[in-house]
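The values are calculated or read from the model by the stated rules, or taken from the named source; none is laboratory data. If you're wondering where the values come from, they're calculated on a predicted model, not measured in any experiment. Methodologically, a virtual Cβ is constructed for each residue, glycine included, from the backbone with ideal geometry; neighbour enumeration extends over all protein chains shown.
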Amino acid sequence: MTLVYGITNCDTVKRARAWLGERDVAYQFHDFKKMGVPEVELDRWLAERGWEELVNRRGTTWRKLDDAERAAVVDAPTARAALLAHPSLIKRPVVNWGPRGGVTTGFDPTQWDRLVV
């Protein structure tokens, strides 16, 4: 089963879920705001994708952090702490494609087309 992690009201997550629905891809959705960030999964994402890819430095949440909080995110452990404290910092959606494709971050229809064939 494909697992999609994100926030319900995120426009990118909405587009990604619509894309999956149009292709009849069965998935389970995990909302960070309602269910929290699963720490075991976060550790897996950090190991597989790297902290730089997971931290959304373009989003509103990053811009709202004070300078000291932003400056403190320098490696996987500090990114992990920031992502747990501020789930909206996670680049969305994070998708666990299972054995067919590992984990992806963000919505890339071209990449996803290769994964759902």
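Tabulated data
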| item | result |
| --- | --- |
| Test: residue in region 92-101 that is in contact (Cβ under 8 Å) with a residue 12 or more places away in the chain, assigned to a helix (DSSP H, G or I) and under 20 Å from W19 (Cβ atoms) | yes |
| Hits in region 1-56 - residues which are assigned to a loop (DSSP other than H, G, I, E, B) and either among the acidic types (D, E) or without any contact (Cβ under 8 Å) to a residue 40 or more places away in the chain (or both) | T8, N9, D24, A26, P38, G50, N56 |
| Residue in region 82-103 that is nearest to the chain's Cα centre (by Cα), counting only those that are under 17 Å from A26 (Cα atoms) and surrounded by fewer than 20 Cβ atoms within 10 Å (Cβ to Cβ) | V103 |
| Among the residues listed as T12, T78, T60, the single one being farther than 15 Å from T2 by Cα and either at pLDDT below 95 or of a type outside the set (V, I, T) (or both) | T60 |
| Residues of region 20-60 that turn out to be polar (S, T, N, Q) and either crowded, with 16+ Cβ neighbours inside 10 Å or under 24 Å from D113 (Cβ atoms) (or both), as a count | 2 |
| Residues that are touching a Ser or Thr at 6+ places or on another chain (Cβ under 9 Å) and not hydroxyl-bearing (S, T, Y), drawn from region 75-92 | H86, P87, L89, I90, K91, R92 |
| Test: residue in region 61-80 that is touching a Cys at 6+ places or on another chain (Cβ under 9 Å), surrounded by 11 or more Cβ atoms within 10 Å (Cβ to Cβ), over 16 Å from Q28 (Cα atoms) and of a type outside the set (V, I, T) | no |
